[in-house]
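Enquirer: This structure is in C-alpha cells; I'll ask about it shortly.
The values are calculated or read from the model by the stated rules, or taken from the named source; none is laboratory data. This structure is a prediction, so every number in the text was calculated from the model and none was measured. As a convention, Cβ positions derive from the backbone with ideal geometry for all residues, glycine included, and neighbour counts pool all protein chains shown.
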Amino acid sequence: MKINALQTSVKLLSKKAYSTSKLKASLKKKLFPDDEIEDAISKLQQKNYINDQRYTEDRVICLIRKNYGDIYIYSKLETEELSISESELMSLRQEYKLEENFVLKQVIEDKMRQLKSEDIDRKLPKIIRYLVSRGFSPDKVTSELGVDDVSWN
C-alpha cells in the first residue's frame, strides 16, 4: 500500500507540532508531488490540525520561557517563515508575566550571581555580548547595567 502525503502529515503531526512551511518542507524531502502536498495541507488546515497562528504563539511562549529577548524571538520566527506583531508579543509577555525588561533583569541577576564581585568589571563586555546574543537590545542592556562606555577587550 502506498502512503500518501496526508497520511505522512498526520503521522508527523502526531509526534510534534509543525508550521505549514515546515510541514511542506518535510513532505518535499519525502518527494511527494507539490499538488498532493497542497491538497494534504489544505485538508489539515480545514480540520485545524495545522494552524500557523497557534503554532507561532506556542513557539513564542517557548522562547519567552527560555528568557530570550524580543530581537531574538523576531529573528527566530523569521527563519521559520512566521511572524507576530509587536502588540501580540507584548500581550503574550504580559499574559505570562515575563515582560522583556523583567526577563532582562532576571538574566542579569543570574549572570552576576555566577561571578565574583572583582570579576564583574572585567567580564562586563562578555556579559553584554551574552545578553545581546539572547536578543536584548544593546541600549536596554547597557541602560539596565548602568554602563555608559564599554571597553570591548
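Enquirer: Can you tell me which residue in the stretch 50-73 is farthest from the chain's Cα centre (by Cα), limited to those that are aromatic (Phe, Trp, Tyr) and buried (at least 18 other Cβ atoms within 10 Å of the Cβ)?
Expert: Residue satisfying both the conditions and the ranking: Tyr55.
Enquirer: Could you tell me whether any residue of the stretch 61-73 is at pLDDT 95 or above and more than 30 Å from Pro138 (Cα to Cα)?
Expert: There is no residue in the stretch 61-73 that is at pLDDT 95 or above and more than 30 Å from Pro138 (Cα to Cα).
Enquirer: Now for a separate question. Working only within the stretch 52-96, note down all residues that are aromatic (Phe, Trp, Tyr) and under 20 Å from Leu13 (Cα atoms).
Expert: Tyr55
Enquirer: Does Gln94 meet the test of being closer than 17 Å to Tyr18 by Cβ and surrounded by fewer than 12 Cβ atoms within 10 Å (Cβ to Cβ)?
Expert: No: the conditions fail for Gln94.
Enquirer: When the stretch 17-46 is examined, which residues are found to be over 21 Å from Glu78 (Cβ atoms) and basic (Lys, Arg)?
Expert: Selection gives Lys29, Lys30, Lys43.
Enquirer: Then there is this: Kindly list the number of the only condition in (1) surrounded by 13 or more Cβ atoms within 10 Å (Cβ to Cβ); (2) in a helix (DSSP H, G or I) that fails for Phe32.
Expert: Phe32 satisfies all of (1) surrounded by 13 or more Cβ atoms within 10 Å (Cβ to Cβ); (2) in a helix (DSSP H, G or I) except (2).
Enquirer: Suppose we keep only residues that are small (Gly, Ala, Ser), surrounded by fewer than 15 Cβ atoms within 10 Å (Cβ to Cβ) and within 17 Å of Asn101 (Cβ to Cβ) within the stretch 118-153. Which one would you say is modelled with the lowest pLDDT?
Expert: Gly146
Enquirer: Also: When Ile108 is evaluated against the numbered criteria (1) without any contact (Cβ under 8 Å) to a residue 12 or more places away in the chain; (2) in the same structural domain as Tyr130 (by TED's automatic domain parsing), which criterion, by number, is the only one it fails?
Expert: (1)
Enquirer: While we're looking at this one, here's another question. Under the condition of being of a type in the set (A, V, I, L, M) and under 18 Å from Glu81 (Cα atoms), which residue from the stretch 1-29 is surrounded by the fewest Cβ atoms within 10 Å (Cβ to Cβ)?
Expert: Checking each candidate, the answer is Ala25.
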